[in-house]
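Remarks on the structure that follows.
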Amino acid sequence: MLEMKCPACGYFSWGLLTLAVVSVCSAEIYTSLLNVKQLIGVERQLIECLRTYIDHELDRLEDIKRFYAKVSDLHSELYKGPGTATANPLVAFTLIKRLHSEWLNVVYSNEALENAQALRSSLKKKEADLPKLEDLQGAAHGLMRLQDVYALQVGSLVMGRFQRVTNGKPFDIYMPAVSVPLSGDDCFLVGKVAYEQEDYYHSVKWLEESVHLFRGAGGKWSPENEGTLEDALDHLAFSHFKTGNVSYALSLSQELLHYDPMNRRVLQNVEKYEKLLFAATPPRGDGLKRPTSNHLRTRDTYERLCQTQGSQPVHFENPRLFCDYFTNNSPWLFLLPIRREVLSMQPYVVLYHNFITDTEAEDIKRLAQPGLRRSVVAAGEKQATADYRISKSAWLKGSAHSIVGKLDLKISMLTGLNVKHPYGEYLQVVNYGIGGHYEPHFDHATSPSSPVFKLKTGNRVATFMIYLSPVEAGGSTAFIYANFSVPVVEKAAIFWWNLRRNGQGDEDTLHAGCPVLIGDKWVANKWIHEYGQEFQHRCSLNPDE
């Protein structure tokens, strides 16, 4: 059997520092960009600690340099003659003292250890605020998700650019105001995350870039790096073998032996690769194929709609669609009607422009921040986290005088529906994470055991979603079967019916939150239930409608 090492991945190593990373249930920083932003403050404090460490080390080195200069001067001046200096008992005494104690005090000084321990102690105090292994893996998966959904070139991502190849030519799908290139070690860690899940489609692409960058740096190792050129070659060779590219796996393994010629495991792999290549029928792998998804059955449509980011002219040229100033016959809206844009007739989807003010949006986000927790999905009768929903959410209760209560009133005026609890759920505020998304799903319950029915007010008849923040790129809401997507419109709100008038779920409302490419996406969801709407949203005489 071919052998491949699985490097220990539970440690953060930085020169003198080694801090064991403990898996803590309060991790999941990567699932909310708010939490990611908070890491900037954590690192800023660590920079101050490192500056203090450097200052103390420089003072220590200055003392050593002073001792070196003192001893060197004695040997270049005082001891230059033929032994006459030691005739002076003072000179002889100081020579003996230096060799007996001063040299030992300098060489075995605890000052360096004390400085390092002080830095370690500072880092230890921040341990609870540091990202966990789960966060590193989640961030890496976020990059791979963006790579897949938006068909991004890994080589361009490494250079800090977001490019897709069209008609054989790369073009920028978005030019961020701020970006950074990735290092060989950055690419190695992303590739290793894929490798450890036996996802060789992604590991090959990221490890190829890692090897290229490490080679470009001459294989030079930096103390902050976890990986080396040898590590990247090792992982890449085995990844290519698993995809059926045995000849390239052999070539990479032979290159690795130049750096580690006595590595028995690699020597054994080389021998086996050679035997496979000289066999009558060399083995063939599956090549570079994307991993399949058991959950995402509409991947092609979903990714196409995410890539268009709301530009579907065939859909929006429908003459039945329109824009107007809408009052819903509400006295409150007569003096200040809202701009309504009908986006789709089936399913019926409406966008209300400037539904919320900047101040209201900031207040909602501020109120939600303390309660943000990893978003969950229905799993039978219970709820659980899932990789196909990457965000954090909080639930806000409202009163008549609160900002939440005022939003409830405005939603009720626009929709004509009863949104008071329990006929409407509490306002859910969501902040998306790195590559944050929610793959295609229904808002209404599709199983009688769903937690949606715990309110005992029926199914979710409608969804009212408010965009609390702008997004630079990505993050569209894609309606899969209806074949259109809606880009994030700051301060707007989108509304649609989840159920038909007969109470059956409308399959055309299958929708997704596309991954956020650039930006910090915040939304607020108001889910309205069937009960309490008997006179506001009447049944049809047609049982099939």
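The values are calculated or read from the model by the stated rules, or taken from the named source; none is laboratory data. The structure displayed is predicted, hence computed values, not measured ones. When we count neighbours, we look across all protein chains shown, and the Cβ atoms used for this are built from the backbone with ideal geometry, even at glycine. Accessible surface areas use protein heavy atoms only, side chains included; no ligands, DNA or RNA. Shrake-Rupley method; radii C 1.70, N 1.55, O 1.52, S 1.80 Å.
Annotations for the structure displayed:
- Span from the segment 57-86 Cα centroid across to the segment 401-464 one, whole angstrom: 78 Å
- The C-alpha atoms of the chain define a longest principal axis, and helix 299-308 lies at about 90 degrees to it.
- Formal net charge of residues neighbouring GLY424 (Cβ-Cβ distance under 15 Å; K, R +1; D, E -1): +3
- Segment 43-191, accessible area per residue, ligands and nucleic acids excluded (1.4 Å, Å²): 63 Å²
- The angle between the Cα long axis of helix 403-415 and the longest principal axis of the Cα atoms of the chain comes to about 40 degrees, rounded to the nearest 10.
- Note: relative contact order over the chain, using C-alpha pairs below 8 Å and six or more positions apart, is 14 percent.
- Legend: calculated FRET efficiency, LEU58 to ARG215, from the Cβ-Cβ distance at R0 = 30 Å, rounded to 0.05, equals 0.30.
- Contour minus Cα-Cα distance for GLN504 and LEU90 (0.36 nm per residue): 138.7 nm
- Taking amide hydrogens as placed 1.01 Å from N in the peptide plane, the amide H of TYR174 sits under 5 Å from those of PHE162, each at least 5 positions away in sequence or on another chain.
- Stokes-Einstein diffusion for segment 310-529, with the hydrodynamic radius set to the Kirkwood value over Cα pairs and evaluated at 4 °C in a medium of 1.567 mPa s, equals 73 µm²/s.
- The mean accessible area for residues of segment 402-545, using a 1.4 Å probe and ignoring ligands and nucleic acids, is 36 Å² per residue.
- Over 18 Å (Cα to Cα) - which of LYS382/LYS420; LYS365/LYS392; LYS37/LYS365; LYS37/LYS491; LYS420/LYS454; LYS392/LYS521 fall in this group: LYS382/LYS420; LYS37/LYS491
- Taking Cα centre as origin and charging only the Cβ of basic (Lys, Arg, +1) and acidic (Asp, Glu, -1) residues, the dipole magnitude of the chain rounds to 680 debye.
- THR357-LYS456 FRET efficiency (beta carbon distance; Förster radius 25 Å; 0.05 resolution): 0.10
- For the listed peptides 476-488, 93-105, a ranking on the average number of other beta carbons within 10 Å per residue, highest first, reads 476-488, 93-105.
- Solvent-accessible area, 1.4 Å probe, carbon plus sulfur percent, for the chain: 55 percent
- Nearest-ten-degree value, helix 33-73 long axis tilted from longest Cα axis of the chain: 10 degrees
- Where only alpha carbons of segment 108-253 are counted, the Rg and the Dmax (Å): 18.3, 66
- Top positive-direction residue, dipole computed over the chain with Cβ charges, set GLY475, GLY503, ALA379: GLY503
- What the Cα atoms of the chain give is an Rg and a Dmax of 31.4, 121 Å.
- Peptides 342-353, 425-436, 190-201, 323-334 ordered by average Cβ neighbours within 10 Å, highest first: 425-436, 190-201, 342-353, 323-334
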